[in-house]
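This report concerns only the one structure given below.
The values are calculated or read from the model by the stated rules, or taken from the named source; none is laboratory data. Remember, it's a predicted structure, so these values are computed and weren't measured experimentally. Methodologically, a virtual Cβ is constructed for each residue, glycine included, from the backbone with ideal geometry; neighbour enumeration extends over all protein chains shown.
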């Protein structure tokens, strides 16, 4: 056997031994609790639960069924999440990680910086996602009598001060209302763009721009989160501009003063998430 072949064989043998030791001796239960605790401590109100964690190569960890909640409100379940550290950062005060995974048939990726000292629980995070199905998100599944579907993409950032900001876009969305609006229960939207931020249990929505098949709208306001899915509340306002075809169809059902508006119709949506009230001015 040549020297090169012998080196390859020895390297493969040592790698196999390392893998066996990792799998047999890997402290999955202890590490699973530690990782969940460190991630949860990075943002006040954030809770992370991990069903399973395994070692992976290149050095890192594979997490399965990662449940993310905020102040008790379930947000998303990640089917799979792979975390890889920047090896050089392991000897520094702040460790840097890369992650990628899947959730609700979409993909998520990003980077995180986490203080190595236990007394420092500050987390910095940048994340992006594409192709996430709204109808599979726990936070929307509990809305009684209503259904929301569509694909979502966007980004978010968590600062080391605990603030969260983000941008989102929803495409090809359909909303089925629990109660008809102008004798219509289903509305379709091509795009929805908005800026988001989080304060305590309240999600702030700004610069909302909705472009639909029946109408366009600009909106802003707040969404109060609740530990029970679908039990939050809405407080949104804005201006809606119905398309001509929709106005023609609704002519007999809309007040004449609204039909004459050339610059759109002011509206407000407030009340429980599963049955909000809608008013027009």
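So that you can scan it fast, the table gives a plain yes or no per residue for (1) buried (at least 17 other Cβ atoms within 10 Å of the Cβ); (2) assigned to a loop (DSSP other than H, G, I, E, B); (3) in contact with a strand residue (DSSP E or B) (Cβ under 6 Å, 6 or more places away or on another chain); (4) at pLDDT 85 or above:
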| site | (1), (2), (3), (4) |
| --- | --- |
| 20 | no, no, no, no |
| 43 | yes, yes, yes, no |
| 50 | yes, no, yes, yes |
| 68 | yes, no, yes, yes |
| 74 | yes, no, no, no |
| 80 | no, no, yes, yes |
| 90 | no, no, no, no |
| 101 | yes, no, yes, yes |
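Residue by residue, here is whether (1) touching a helix residue (DSSP H, G or I) at 6+ places or on another chain (Cβ under 8 Å); (2) buried (at least 18 other Cβ atoms within 10 Å of the Cβ); (3) within 20 Å of residue 76 (Cβ to Cβ); (4) free of Cβ contacts under 8 Å to residues at least 12 places away in the same chain holds:
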{"site": "123", "(1), (2), (3), (4)": "yes, yes, yes, no"}
{"site": "149", "(1), (2), (3), (4)": "yes, no, yes, no"}
{"site": "167", "(1), (2), (3), (4)": "no, no, yes, no"}
{"site": "178", "(1), (2), (3), (4)": "no, no, no, no"}
{"site": "189", "(1), (2), (3), (4)": "no, yes, no, no"}
{"site": "208", "(1), (2), (3), (4)": "no, yes, no, no"}
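Quick one: how many residues across the stretch 141-162 are out of contact with any strand residue (DSSP E or B) (no Cβ under 6 Å at 6 or more places or on another chain) and over 25 Å from residue 106 (Cα atoms)? Show your work before the answer.
First, the residues of the stretch 141-162 that are out of contact with any strand residue (DSSP E or B) (no Cβ under 6 Å at 6 or more places or on another chain): 141-144, 159, 161-162.
Filter again for over 25 Å from residue 106 (Cα atoms), leaving 161-162.
Counting residues in the stretch 141-162 that are out of contact with any strand residue (DSSP E or B) (no Cβ under 6 Å at 6 or more places or on another chain) and over 25 Å from residue 106 (Cα atoms) gives 2.
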Taking residue 142 as meeting all but one of (1) crowded, with 16+ Cβ neighbours inside 10 Å; (2) modelled with pLDDT of 95 or more, write down the number of the exception. (2)
